[in-house]
There are 4 protein chains.
Amino acid sequence: MTKREAILAAATMLFARQGYKGAAVSEIAEQANVAQGTIFHHFKSKENLLISICDDLVQSYIAGIREAASGPGSGWEALERVLKFNEKFSSDHHDSITVVFRETRDLSRSPGQINEHFCGLVNQIIDVKTQCIEKGIKDGSIRPVPAQLTALLVHFLLIGKFHVETEGLLEVPEMNAEFLEFCRRSLAAQAPSAVLDEDKCGG
Amino acid sequence: MTKREAILAAATMLFARQGYKGAAVSEIAEQANVAQGTIFHHFKSKENLLISICDDLVQSYIAGIREAASGPGSGWEALERVLKFNEKFSSDHHDSITVVFRETRDLSRSPGQINEHFCGLVNQIIDVKTQCIEKGIKDGSIRPVPAQLTALLVHFLLIGKFHVETEGLLEVPEMNAEFLEFCRRSLAAQAPSAVLDEDKCGG
Amino acid sequence: MTKREAILAAATMLFARQGYKGAAVSEIAEQANVAQGTIFHHFKSKENLLISICDDLVQSYIAGIREAASGPGSGWEALERVLKFNEKFSSDHHDSITVVFRETRDLSRSPGQINEHFCGLVNQIIDVKTQCIEKGIKDGSIRPVPAQLTALLVHFLLIGKFHVETEGLLEVPEMNAEFLEFCRRSLAAQAPSAVLDEDKCGG
Amino acid sequence: MTKREAILAAATMLFARQGYKGAAVSEIAEQANVAQGTIFHHFKSKENLLISICDDLVQSYIAGIREAASGPGSGWEALERVLKFNEKFSSDHHDSITVVFRETRDLSRSPGQINEHFCGLVNQIIDVKTQCIEKGIKDGSIRPVPAQLTALLVHFLLIGKFHVETEGLLEVPEMNAEFLEFCRRSLAAQAPSAVLDEDKCGG
DNA sequence: GATGAATGAGTTTTCATTCAT
DNA sequence: TATGAATGAAAACTCATTCAT
């Protein structure tokens, strides 16, 4: 592990636990086993360090859901893969994601490009989900819902879940199956229960 | 407006915009048109000021959803009222809610009682929703789903929506109708969506 | 002596001896017997402290030469009073003047108003001298020289003397009489020696 | 241009603009297109770099006025050549001279030899001027003035002019002729000014 | 000779809090 | 109740210098 990587790791952990403002650069340096100056040698400022962490994570998330969305099968199946990828990604990058969620608000206030940069990335995330839903509507695997609004709603679910989980006020049990089922009932055209419904009105 | 109220209002606004750590007591004093010392007269410390804001808000939220949940009609109707109350509450207390969401994480780390206090409050919120769903399952207005997990999922949706809206990275359009519909399709038994389904197959 | 005055005195002494950059705020605080924070309570920044010192001094210098220039008698006598005032002022405010001369260059680079502010003050100083010379030319006490350029030359002499004296590389003996004589020979129309000259060509 | 020269050039420019303390070694390195380490290879320390600049300049100045002073003609003519050389030297070495003037004060405080070294150099400068004046008094081209004090006064004029010009607070017009004339009126015996006087009275 | 990563002491500045009035 | 001057610990950041390559 290079010093640069050690710094990123230490900062990620401390930002996640104590927040950006709550984690002193001196703490990060100590945790990473480097001198304070070394941090400013690699990242010109504390804020830059935060941006690096956020940027790295968002980029890799986007790459991941792109790949998940682009696989074979129906639109609903693509969306399911995206949701499952999301779950795995969450547990693999727990700290970095916490950082991004905690500090996005301050990042979005900072001047100029950074704000726009992150806006662009988040919009890409919504776009991928929207495309899955549109595809699903076309191929009949998803009900005829407003695609973009629905993508937003799914996004809310994911964001909300993560916030609640990392907040630490509520004990959140394992619930992936139920999570998927909740979405499926609302979105999928031919869910098991829908089959029963159709049976009932018997075409 | 008393000085105490002016301080609370100023602090709420500044904590929402700049975060708890990012808002200096001197700024709050200036914004509230009082001397710094006055703040420490009314609230013993800066943290106390934050706790006041959070506590006031959470208490009034709980009272609100309790009332919404306790009205007449089916469980689904009660849940619908809770969701609508939530929407109105969100727009009425935008800044205070932002504060609570931004700072919950740090409150939950602070020692002893505060943590437990807020845990208790949040659990009450989940409980109200769970009870609506249980009631709905009994009276047939809601599908037979695991009540508590489903209450959590609805909670995720609400939390996620608020986070995304206040983050400022994504333009969130008005979508209350779609929000309700999304939940209804997933939760409500037969009736509304079934009607549509019946229309389709019964043409 | 108020704390504010103690800070100004300590800063003046240290800026004079070690330069603006060379004098740490912590040193100033120690010397003034106040806490570091107190300095930032009274002057918002270190630079502000410097500006206060410079401004106070330049203002009082301008008031002084204005008074000296406005007395009775010929233009040359007014100029002589200005030069004598200058001498006294130099020894009375040795440290502050050193600060102004050492740091003017950086002040003149700082943005916006400060630069223009000090430009205005220095121009006023030149103006007073120019007016003395113009008056002297009119009343016949000073030779017909270009008034403004000559004011500048006298200014150079004063500035140069002060720089050399405070630099500490050269031992500068008491030389006020010679200083005045040097100017008088160059400027005064009816200097003793000029009288002799005129006698010589005896109309 | 060797790397050593590039470093000297960059340092001279930056020291002149920002002062010795205000110019970081990293800035100099960047400006000179070398690595930071290279600077410490050629000059053992930052202070050494400053001393190099100052020393080079002062040496070449002394050589220049020595040559100017040693030419043929009267003492006044020698002094005139010295003043003219000074003028040309000022415009040729604007930045280095600014550095010397800005930082002399700190050099003169630094311990031991450096102080004495520069004292010696400056005294040599005064000596050359004194010798011109002494020679002029002997050969009748300069009035019978106290030679050393007068040399100092001429020195003040030169130093003052350069400080005011480089300070940037005052617009200094071209004024070489007037500068010489100012000195001539004060110092030169009879001749030129006497001619004018004679013209006037002898009309 | 040349490099640039690494250092840690030192700098200015911020800020919650106290307390005499 | 209200004030605001005073504090000092802690923060982010700078920078001359060293040294392994």
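Between residue D:138 and residue D:35, the C-beta separation translates, for a Förster distance of 45 Å, into a calculated FRET efficiency of about 0.20.
Under a 5 Å amide H cut-off, with hydrogens placed 1.01 Å from N, residue A:141 pairs with A:75, A:76 among residues at least 5 apart or on other chains.
Quick one: putting +1 on the C-beta of Lys and Arg, -1 on the C-beta of Asp and Glu, what dipole do you get for the protein assembly as shown around its Cα centre, in Debye to the nearest 20?
480
A Förster radius of 60 Å, combined with the Cβ-Cβ distance separating residue D:2 from residue B:84, puts the computed FRET efficiency at roughly 0.15. A simple count of charges around residue C:32, restricted to other residues whose Cβ falls under 12 Å of its Cβ and scoring Lys, Arg +1 and Asp, Glu -1, yields -1. Pairs from the table (A:88/B:138; C:161/D:88; D:21/D:161; D:3/D:84; C:46/C:161; D:44/D:129) lying more than 32 angstrom apart at Cα are A:88/B:138; D:3/D:84; D:44/D:129. For chain B, the longest principal axis of the C-alpha atoms and the axis of helix B:46-69 are separated by about 20°. The distance from the alpha carbon centre of segment A:102-159 to that of segment C:125-162 is 75 Å, rounded to a whole number. Across the identical copies, the 7 Å label point of residue C:176, projected outward along Cα→Cβ, sits 3.7, 8.6, 9.3 nm from its counterparts, in ascending order. Here the relative contact order of chain A, from alpha carbon pairs under 8 Å that lie six or more residues apart, stands at 19 percent.
Report summary: the helix-based calculation at 222 nm, which adds -39500 (n - 2.57) for every DSSP H run with n ≥ 4 and divides by the residues of chain C, gives -25500 deg cm²/dmol. Rounded to the nearest 10 degrees, the inclination of helix C:94-107 to the longest alpha-carbon principal axis of chain C is 80 degrees. Inter-copy label distances at residue B:134, shortest first and taken from points set 7 Å along Cα to Cβ: 4.5, 9.6, 11.2 nm.
Given a Förster radius of 56 Å and the C-beta distance between residue C:24 and residue A:180 as r, what FRET efficiency does 1/(1 + (r/R0)^6) yield to the nearest 0.05?
0.35
Label-to-label distances for residue A:37 across copies, nearest first, come out at 1.5, 3.0, 4.4 nm, using points 7 Å from Cα in the beta-carbon direction.
Could you list the trypsin sites (Lys or Arg not before Pro) in segment B:68-160 that lie in coil according to DSSP, counting only those with at most 14 other Cβ atoms within 10 Å of their Cβ?
Working: sites: B:81, B:84, B:88, B:102, B:105, B:109, B:129, B:135, B:138; in loops: B:109.
Filter output for segment B:68-160: B:109.
Each Lys and Arg contributes +1 and each Asp and Glu -1, all at the Cβ; summed about the Cα centre of segment D:52-191, the dipole is approximately 540 debye.
Taking the 0 to 90 degree range and rounding to the nearest ten, how far is the long axis of helix C:113-139 tilted relative to the main principal axis of chain C, both from C-alpha atoms? The two axes meet at around 20 degrees.
Bear in mind that the values in this text are calculations on the coordinates, not laboratory data. Predicted, not measured: the structure shown is a model, and the values here were computed from it. Note that we place each Cβ from the backbone using ideal geometry, even for glycine, and neighbour counts take in every protein chain shown.
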